[in-house]
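Since the structure comes first, as structure tokens, the remarks are kept for the end.
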Amino acid sequence: MEKLYNKYEVYNRWLQDSDGYWQEFIEKTAGYIYWAKKPEKIFEWNPPNPFKWFVGGYTNAGYSAVDYKLGRFGDKTAYIYINPEASVERRITYGELYQLVCRISAALRAFGVKKGDTILVYMPNSIEAVAVLLAAARIGAVSSTVFAGFSPKAVADRIELVEPKIIFTQDYSLRRGRRIALKENIDEALKLSTWRPQAVVVKRALGEEKEPPMERGRDMWLEEFLEMGKHGNCAPEFVESNEPLFVLPTSGTTAKPKPVVHVHGGYQVWIVHGALLVYGLSSDDVIFNTSDIGWIVGQSYIVFAPTIMGTTSILFDGAIDYPKPDLFWEIIEKYKPTLIWTSPTAARMLMRLGVSHARRHDLSSVKRVVTAGEVLNPEVWRWLYEEAFQKNVPVIDHWWQTELGGPAIGYYYALVKDMPVGLEFMEIKPGSAGVPLPGVEVEVVDERGNAVSAGQKGTLVLKRPFPGMTPTLWKDHKRYMAEYWERYEGKLVYYTGDAAYIDDEGYVWFGGRADEVIKIAGHRIGTIEVESALLTHPAVAEAAVVGVPDPIRGEAIAAFVVLKPSWRPTEELRKELIEHVRKTFGPIAVFAGLEFVNMLPKTRSGKIMRRVLKRLWTGEPIGDISTIEDEASVEEIREAISRLKVVKVSE
């Protein structure tokens, strides 16, 4: 499988013959993805109807992940579950996983769940949660996972969207020493929702003496549920390639969440495609992915792709810096992962805690580090590559979205894996997400949808569908077309919503969300660009910026900075940081103010909530913040804004 790809020939091969490329790919990956019936046609699309991939093919993502791996990997460890806060470790082999998934499949059927029915999972990372998702897939049911940190209102919204027959949850979870009552959140969500599931299945997690309230006739413990599948039918259900696999609602800001649909055929192909090209994944790998099954990264590279490819995964349930600041590095030394998958925000946090924690641990098992979720700022890339991993392994940024299933822009791992020698084959440019992968044709356009030239900023669009792209929104295809494909009159392109430019070598550079670009007196500056400039100053650990109204220039920059532990906030440092940014951008970088804070408002998945920053500044309602990691950060920003003074720097 290592010889499947060569330099840029792979992209040209796809460009010249897209159907031939994908036909060859499914043949060469037949050891990973099981096809009960091979596709009759690679692609068809008659807009505005949903596009289809691998038409007439029959497969099943749950079967590919579990049953299909038994012969080769039955005794191999599939998952190592660790919860450092609870001092829990548990391993499960592929054979044991098959038995558990089979039992859940039969229990689902015993409850009347059939192909096309929906279930909802509101659980943290756990072996049982993964098994429920695989079991639902195996019988052709459609799962929907809700991040186990969402508020009852956010959960209720998602229950309304997908109308699940069964909800799976847990009694409690732990988060930085706090108990989160997940079952009680579900109870509250169901009071807010008009939908009534047939059952709520509860997993015992903490062994607490105090049990959560259980409603007779509706609620049951997981053990009771599993008993229903003891002698039941657990045969897999092979489905047409375009049948839905799962629905994952985006977190949403002002509008209601968008229920993104991924399908069995195209999704499997795409996540394996990205795993081979960008991660160089093989069955010999041990993956440490710090994401959560409630996000697309967890669905793709904790639940489905690792099992489809026969790897071992560290199933991490917790925070990477709690209960000790060197926990992340300790896990690497103890469990010896070969692939680290994390977010830029997590990397910035590790950088803030200091490289001394990394130096105390043996990191020699790691062969590569990949990040996504936000732009990996150049300074953070350098810290990971040069200081934390001491130039021994490649650090690879890449880009995709919930709607895209897996990597769309990235670096071909096979060409950079022997860094720094590999750089002569494919240069890593810190700050760039890389180049489009085969299947992905990109363009940067202006506000009217017209293509701009290399180096010019605009909004990234995708010129055609690829196998991992969501073909529709759950029961709302009209909204799907309007949100994604009909943004520009007379032009059928997929709107990513991300600001970017493409350099003259084809590398894509992202500047944040298109609606977060700061427009100062006709100049457009990406939020990421300003934050990256701030991070090059030795005092800065983290930074977040937004554009705020300015009566003369339209907008100006409001910056919020977290300092490294050895630095103290002063008026002189404030002025120095503003001048530091202006050395990069010149006088167009006009600041409304810069304030020092101890923490930034971030989602549990690590993304900075710039929407909250801007609304706090303007005084607008901040909206739903149920995804926030720490609500205290909002109050700190509110206080910072109240004392913020415009700092005038001579132009």
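The values are calculated or read from the model by the stated rules, or taken from the named source; none is laboratory data. Since we're looking at a predicted model, the values are computed, not measured. All Cβ positions, even for glycine, are placed from backbone atoms using ideal geometry, and neighbour counts span all protein chains on display. Just the protein is used for accessible areas: all its heavy atoms, side chains included, with ligands, DNA and RNA removed. Shrake-Rupley method; radii C 1.70, N 1.55, O 1.52, S 1.80 Å.
If you look at the Cα atoms of the stretch 99-166, you get an Rg and a Dmax of 11.8, 35 Å.
Calculate, in nm to one decimal, what TYR8 and GLU483 gain on full extension: separation in residues at 0.36 nm each, minus their alpha carbon distance. List each step's numbers first, then the result.
Values: separation 475, 0.36 × 475 = 171.00 nm, distance 3.26 nm.
In short, 167.7 nm is gained.
In the chain, helical runs assigned H by DSSP with n ≥ 4 each contribute -39500 (n - 2.57); averaged across all residues and rounded to the nearest 500, the mean residue ellipticity at 222 nm is -8000 deg cm²/dmol. Taking each residue as 0.36 nm, the span from GLU386 to ARG176 lengthens on full extension beyond its C-alpha to C-alpha distance by 72.6 nm.
Taking the highest mean first, how do the peptides 480-487, 547-554 order by number of other beta carbon atoms within 10 angstrom per residue? Let's see the in-between values first.
On the way: 480-487: 17.8, 547-554: 15.1.
Going from most to least packed, we get 480-487, 547-554.
Of all beta bridges that DSSP places with both ends in the chain, some 60 percent have antiparallel geometry. Computed from Cα atoms, the angle from the helix 344-353 axis to the main principal axis of the chain rounds to 60 degrees. Of the options TRP195, GLY71, ILE320, report the single residue whose Cα projects farthest towards the positive end of the charge dipole of the chain (beta-carbon charges: Lys, Arg +1; Asp, Glu -1). With unit charges placed on the Cβ atoms, the residue in question is TRP195. With all protein chains in place and a 1.4 Å probe, the accessible surface of the chain carries 49 percent carbon and sulfur.
For the stretch 64-194, the residue among GLN99, GLY149, ALA110 whose Cα projects farthest onto the positive side of the dipole built from Cβ charges is GLN99.
Working note: Karplus 6.51/-1.76/1.60 with θ = phi - 60° gives the stretch 186-197 the couplings 5, 4, 5, 4, 6, 6, 7, 9, 8, 7, 10, x Hz, where Gly and Pro are set to x. Assuming R0 = 35 Å, what is the FRET efficiency of ASP17 and ALA235, from their Cβ-Cβ distance, to the nearest 0.05? After rounding, the FRET efficiency stands at 0.40. Residues TYR122, TYR34 ordered from highest to lowest accessible area at a 1.4 Å probe: TYR34, TYR122. Rolling a 1.4 Å probe across the protein heavy atoms gives the chain an accessible surface of 38 Å² per residue. With 19 Å as the limit on Cα-Cα distance, the pairs of LYS583/LYS614; LYS69/LYS334; LYS41/LYS491; LYS52/LYS478; LYS183/LYS210 that go past it are LYS583/LYS614; LYS69/LYS334; LYS41/LYS491.
Taking the longest Cα principal axis of the chain as reference, the axis of helix 632-643 is set at about 20 degrees.
What order do you get for 179-186, 38-45, 405-412, 459-466 when each peptide is scored by the mean count of other beta carbon atoms within 10 Å, highest first? Let's see the in-between values first.
Details: 179-186: 19.1, 38-45: 15.1, 405-412: 27.9, 459-466: 21.8.
The packing order, highest mean first, is 405-412, 459-466, 179-186, 38-45.
Peptides 271-281, 586-596 ranked from most to least packed give 271-281, 586-596, packing being the mean of other C-beta atoms within 10 angstrom over each peptide's residues.
Given +1 on the Cβ of Lys and Arg, -1 on the Cβ of Asp and Glu, and no further charges, what dipole in debye does the chain carry about its Cα centre, rounded to the nearest 20?
Numbers: 79 positive and 84 negative charges, 92 e Å.
Around 440 debye, computed over the chain.
Overall, the stretch 30-150 carries a charge dipole of about 420 debye about its Cα centre when +1 sits on the Cβ of Lys and Arg and -1 on the Cβ of Asp and Glu, all other atoms neutral.
What full-extension length gain, to one decimal in nm, is calculated for LEU192 and LYS475 as 0.36 nm per residue of separation minus the Cα-Cα distance?
Numbers: separation 283, 0.36 × 283 = 101.88 nm, distance 2.14 nm.
Going from the current span to full extension adds 99.7 nm.
Say the dipole of the chain comes from +1 at the beta carbon of Lys and Arg and -1 at that of Asp and Glu; which of ALA305, MET214, THR402 then lies farthest toward its positive end? Farthest towards the positive end: MET214.
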